[in-house]
Amino acid sequence: LAAKTLGGKVVKDDRYRETGTFEVMATEVAKKDPIFSALPKYFFAQLGHKDSIETLPAGATLLARSERCPTQAFNFPGKKFYAIQFHPELNKEDVILRVNYYAGYAKDRADIDRIISGLQDSPAAAKFLRLFIERVVLGSF
């Protein structure tokens, strides 16, 4: 939503679809970012999306990606704004509830079972919200 609203291009393409736990990789520029510099370069995160950003909005900086999806996080340098594709607010149990409840997260019961069996803890991703509050909202950004 943020990327499209700000002039980027968003596509619905099953090649980028991610549901479950996936590894997110921070970009080189993320090493200097107030939030991503406090996270590991590679970390697991909970994901559930069909859309993907194909083109970032003008002036945006790519901060993270995954193997399947080219954009997991971006911001605008010097602005108190971040857009993320992963879900730092979710843990494994939350994903289990979602895939069992919402139609469309999975193709069938076998797909649900595959998603659930691949879930992992995501403690680094879970730190994102706390870091955002501490370093961006309350900090001297």
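The values are calculated or read from the model by the stated rules, or taken from the named source; none is laboratory data. Predicted, not measured: the structure shown is a model, and the values here were computed from it. Reconstructed Cβ throughout: ideal geometry from the backbone, glycine too, with neighbour counts over all protein chains shown. The accessibility values were calculated without ligands, DNA or RNA, using every heavy atom of the protein model including side chains. Shrake-Rupley method; radii C 1.70, N 1.55, O 1.52, S 1.80 Å.
GluC sites (Glu not before Pro), restricted to the range 42-141: which are DSSP loop and have at most 15 other Cβ atoms within 10 Å?
E67, E89
Which value in nm describes the separation of the simple spin-label points at T61 and I96, placed 7 Å from the Cα toward the beta carbon?
With each label point 7 Å from Cα toward Cβ, the separation is 3.9 nm.
Using the reciprocal of the averaged 1/r over all distinct C-alpha pairs, how large is the Kirkwood radius of the chain in Å?
So the Kirkwood estimate lands at 15.6 Å.
Looking at this model, which pairs from K4/K107; K80/K107; K31/K107; K41/K107; K79/K107 are more than 30 angstrom apart at the alpha-carbon?
Among K4/K107; K80/K107; K31/K107; K41/K107; K79/K107, the Cα-Cα distance tops 30 Å for K80/K107; K31/K107; K41/K107; K79/K107.
So what is the relative contact order for the chain, in percent, with contacts set as C-alpha pairs under 8 Å and at least six apart?
Normalised by residue count, the contact order of the chain is 27 percent.
Report Rg (one decimal) and Dmax (nearest whole number) for the range 62-141, counting Cα atoms only, units Å.
In Å, with Rg to one decimal and Dmax whole: 15.4, 48.
Given R₀ = 35 Å, FRET efficiency for A110-S37 by Cβ-Cβ distance, to 0.05?
0.30
Take the chain, connect every pair of alpha-carbon atoms lying under 10 Å apart with a spring to form a Gaussian network, then pick out the residue of S117, S66, S52 with the largest mean-square fluctuation.
Residue with maximal mean-square fluctuation among S117, S66, S52: S117.
Considering only protein heavy atoms and a 1.4 Å probe, what is the carbon-and-sulfur percentage of the accessible area of the chain?
54
Starting from the 7 Å offset along Cα-to-Cβ, what nm value, one decimal, do you get for the label separation of K9 and E89?
3.1
Quote to one decimal, in nm, the extra length available between E134 and Q120 on full extension: 0.36 nm per residue of separation minus the C-alpha distance between them.
2.4 nm
Check cross-link reach from K12 to the aspartates and glutamates: straight Cα distance under 13 Å, and skip same-chain residues fewer than eight apart.
D51, E54
Longest exposed-loop-site-free stretch of the chain, with trypsin sites (Lys or Arg not before Pro), DSSP loop and at most 16 other Cβ within 10 Å?
The longest such stretch corresponds to 108-141.
Determine the calculated [θ] at 222 nm for the chain from helices alone, applying -39500 (n - 2.57) to every DSSP H run no shorter than 4 residues and normalising by the residue count; nearest 500 deg cm²/dmol.
Computed ellipticity for the chain at 222 nm equals -6000 deg cm²/dmol.
Across every pair of different alpha-carbon atoms, what Kirkwood hydrodynamic radius in Å does the range 26-98 reach?
13.1
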